[in-house]
Amino acid sequence: MGKERISSIPMSTDVGTIRNELLRVKEFKLMIEAQTSDFPENNFLDLSQELKLMEVQGYALDQEQIFRIYQVLLTVHKIFLFFQKEEGKNQELYPELYNLLKKLSFESILINEIKEVMDQDGKIRPDASPELTRIRKFMQQRYRDLDARFRHGLNQYRKSGWLADEGESVRHGRRVLAVKSEHKRKIKGIIHDESSTGRTAFIEPEDVLSINNDIFESQQEEKREIYRILKELSARIRPFLPKLRNYQKLMGRFDYIRAKAFLALDLNATMPFVVSERKIVLHEARHPLLWLLNHTAGKETVPLTVDINIVDRILLISGPNAGGKSVAMKTIGLLQLMLQAGMLLPCAENSQIGVFQKVFVDIGDEQSLENDLSTYSSRLKNMKHFTENANAGTLILIDEFGSGTDPAFGGAMAEATLESLNKRFCYGVITTHYSNLKIFATNTKGIFNGAMSFDHTNLAPQYRLQVGKPGSSYAFELATKSELSPDLIEEAKKKVGDEYREFDELLSTLQTEKQQILQREAEIASKERKLDKLLEEYNAKTKKFDKKRRTMLLEAEQSALNTVGEINKKFEAMVRKWNEDKGSKVQIKRIKEAVQKDKKRLQESIERHKEELYYKESDQDLKMGSYVTLRNGTEPGKVLELRKNKAIVEFGQMKTNVPIKELTVVEMVKKKQHRPAGSSYSHIAKITDFTSSLDIRGKRRDEAIREVEQFIDKALIVSVPQVKIIHGIGDGILGRAVRDLIKGIRQVASIRFEEPEYGGNGISIVDFE
């Protein structure tokens, strides 16, 4: 049924009808992709013959025909159950598919009527009627009698040596003995047959004749009873003939939609926007047959993007031979017809396509000896039809427009025809090599040029449509690639007029420049995407840092609050002691001692804080071996070398090139090695423990990024002005990841690579604000 429907597939011109059909195919495709659907897949049988016979009053369908109806009813019942289960969940998931049957009802009585007569294998049940039950019981008894009597005779004659090797057989539906020819007169009965050699006679023994006769008569009675049962069953089914026709149509419709859905899966097809205005806006479109062929062969199919609308209605495609002009035109035309046939399209979902009332096509060679038509004559005949019948609702597809005759006359005729079609406001896609048509399209509203791109370096087509300018045929370039004689090619160039050659060269140059512009636009778009990503990461990092800052402030305030609380407690205790001792000298002494103790502890803390800095500014001149800090920094480094206005300074394990004016000479002092456990001055400890360089070479990206984040957080806490991150060069992935992370931190003033002689692109220097 699905095949019959597809063989005469309807082309709809109604936007609503097309949209609904596309939605049904899309829903069925989703159902297949879900792989959890229990929608039936089998027994989509064609009952046309059975339904036609049932129209005859009194006609009895045979056993097989009724069983086919039974199988179809079971399938239809499963379809109804599919949309009814789980409180109609599938009705919500697949609403357009459900609309196909929601006005129908399923008659379970039909299944029950057939089940009373047939079993699941399509055989007549023994209890289909009381008479059939009686007949079959009698037959079973006579079969047992026959078997007992036959075995008795078989054993007796075998002992006598009268039987052939096989002993027994069946002839004409009756059980017989296989008797050797020389003994056939010794056994009374009827000879039914002889072997081809004449050595064996097949005899029905006289003593089983009556039993076989009873069985034969019972078999005839059984047939008559089964016919009667089937006739009555057919009569009970006949009133439901309209229902069965509806079920038949429903199954044919589902089979048809399912075929479209499976094709959509093969094509990786989607549902575009179906719009009321006439336009063809395709993104990433692929010719379905070409895509299937290339996909099977593991090749890439170059997608097509095009915009045909009310302003630019007729696309004129030019370019090299075998460059993809005809494929582009056929892709557009075929996808338009697929849409109006209710099929999903191999293109991006954001494509937009309108509906056309007519599609006129002139592709290929239609020359005919019978009709006395040459190639060009057949084309002129088509053009006559097009120019007389085209209108604003027409899509025209013409391949190699104007070919088949003298180029001068063919080009002129094609231009006049194109002008006529344009005045009729029709839409179309036309391919050509004629320069006059390219110029006409450039200067005429409603018509726009398109060219198939060409790789000038490798002299090979790229099969990509570029809209907005005409394309060169690249005849001389392709001739060069074909290794044609250079002298011959040069001679051909001379024979071509200067004006034509210059025009073709101009087209070639324009195409090259456009390719460069498109490449630049792609690079800019890529950078914009990276920038958006960096901004997103920056915002995320800023939020993270602000959260950390608020947490640190909260902890500091809490610590200060605790300190104030402790001081307050001490003060209150002192006051109580003062009151208790009435200001005794002993208590005054104790208070003084406590105050002196706290003072001493604070002084030691201040000295320890100073010692933690372990350097002080110096009046000495800058020289090799001097200790220095950056002007706004705290990390000391050692000068290794002086070069004009710059110095090479070693900070920790890193060497860097720093302008001399940015350095301050310092004098190093001895650093304390011990610190009281649990000291409240952990911030100073972080300063002394912090190293302004981090080496992440050889680490995985995620691990390295975590370490860099922790490293930057510490650097911000201890307020160092600059840090270095050693990530190595390698393939650049780790370095890019680090730089992308750093650029998203608000407190970073700049990030740059180290000087080439000190590590270059393998080290990133980070300056903080």
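The values are calculated or read from the model by the stated rules, or taken from the named source; none is laboratory data. Remember, predicted model here, so these are calculated numbers, not experimental data. Here the Cβ positions follow ideal geometry from the backbone for every residue, glycine too, while neighbour counts run over all protein chains shown. With ligands, DNA and RNA removed, areas are computed over all heavy atoms of the protein, side chains included. Shrake-Rupley method; radii C 1.70, N 1.55, O 1.52, S 1.80 Å.
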Handout entry: Thr13, sole failed condition from (1) hydroxyl-bearing (Ser, Thr, Tyr); (2) assigned to a helix (DSSP H, G or I); (3) surrounded by fewer than 15 Cβ atoms within 10 Å (Cβ to Cβ)
Key = (2)
Problem - Filtered residue count, segment 416-466, keeping only those that are over 31 Å from the mean Cα position of the chain (by Cα), of a type in the set (Ser, Thr, Tyr) and outside any helix (DSSP H, G or I) - result: 6
Practice task
Tally the residues that are within 24 Å of the chain's Cα centre (by Cα), surrounded by fewer than 21 Cβ atoms within 10 Å (Cβ to Cβ) and in a strand (DSSP E or B), restricting the search to segment 335-364.
Solution key: 1
Problem - Residue count, segment 677-719 (criterion: of a type in the set (A, V, I, L, M), over 36 Å from the mean Cα position of the chain (by Cα) and modelled with pLDDT of 60 or more) - result: 8
Problem - Residue identified as open to solvent by 70 Å² or more (accessible area, probe 1.4 Å) and not acidic (Asp, Glu) among Leu74, Leu51, Leu104, Leu81 - result: Leu81
Exercise for the section: Examine segment 255-268 for a residue that is buried (at least 21 other Cβ atoms within 10 Å of the Cβ), of a type in the set (Val, Ile, Thr), closer than 30 Å to Thr394 by Cα and touching a residue at least 60 places away in the same chain (Cβ under 8 Å), and state whether such a residue exists. Expected result: yes
Completion exercise
Among Lys249, Lys184, Lys180, the single one that is open to solvent by 40 Å² or more (accessible area, probe 1.4 Å), closer than 30 Å to Ala34 by Cβ and modelled with pLDDT under 95 is Lys249
Exercise for the section: Search segment 287-325 for residues being more than 25 Å from Phe356 (Cβ to Cβ) and more than 18 Å from the chain's Cα centre (by Cα), and hand back the single one that is most open to solvent (accessible area, probe 1.4 Å). Expected result: Leu293
Exercise for the section: Mind listing just one residue for me: the one in segment 604-632 that is open to solvent by 90 Å² or more (accessible area, probe 1.4 Å) and basic (Lys, Arg) and, of those, modelled with the lowest pLDDT? Expected result: Lys610
Exercise for the section: State all residues of segment 641-661 that are open to solvent by 60 Å² or more (accessible area, probe 1.4 Å), outside any loop (DSSP other than H, G, I, E, B) and at pLDDT 80 or above; if no residue qualifies, say none. Expected result: Glu641, Leu642, Arg643, Lys646, Glu650, Lys661
Practice task
Scan segment 115-135 and give yes if some residue there is farther than 30 Å from Ile69 by Cβ and over 60 Å from the mean Cα position of the chain (by Cα), otherwise no.
Solution key: no
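Conditions tested, residue by residue: (1) modelled with pLDDT under 90; (2) of a type in the set (D, E, K, R).
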| site | (1), (2) |
| --- | --- |
| Arg313 | no, yes |
| Asn321 | yes, no |
| Lys325 | yes, yes |
| Ile332 | no, no |
Practice task
Determine if segment 112-130 includes at least one residue that is surrounded by fewer than 14 Cβ atoms within 10 Å (Cβ to Cβ) and either of a type in the set (A, V, I, L, M) or at positive phi (or both).
Solution key: no
Exercise for the section: Inspect all residues belonging to segment 211-220 and state whether any of them is under 60 Å from the mean Cα position of the chain (by Cα), in a helix (DSSP H, G or I) and surrounded by fewer than 16 Cβ atoms within 10 Å (Cβ to Cβ). Expected result: no
Practice task
Considering each residue of segment 57-66, count those that are in a helix (DSSP H, G or I) and open to solvent by 40 Å² or more (accessible area, probe 1.4 Å), and give that number.
Solution key: 2
Exercise for the section: Taking Thr405 as meeting all but one of (1) under 41 Å from the mean Cα position of the chain (by Cα); (2) outside any helix (DSSP H, G or I), write down the number of the exception. Expected result: (1)
Exercise for the section: Quickly run through segment 200-210 and pick out the residues that are in contact (Cβ under 8 Å) with a residue 12 or more places away in the chain and either among the acidic types (Asp, Glu) or surrounded by fewer than 20 Cβ atoms within 10 Å (Cβ to Cβ) (or both). Expected result: Glu204, Glu206, Asp207, Leu209
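A quick yes/no check of all residues on (1) among the β-branched types (Val, Ile, Thr); (2) outside any helix (DSSP H, G or I):
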{"site": "Arg236", "(1), (2)": "no, no"}
{"site": "Asn246", "(1), (2)": "no, no"}
{"site": "Met251", "(1), (2)": "no, no"}
{"site": "Glu277", "(1), (2)": "no, yes"}
{"site": "His295", "(1), (2)": "no, no"}
{"site": "Thr301", "(1), (2)": "yes, yes"}
{"site": "Gly333", "(1), (2)": "no, no"}
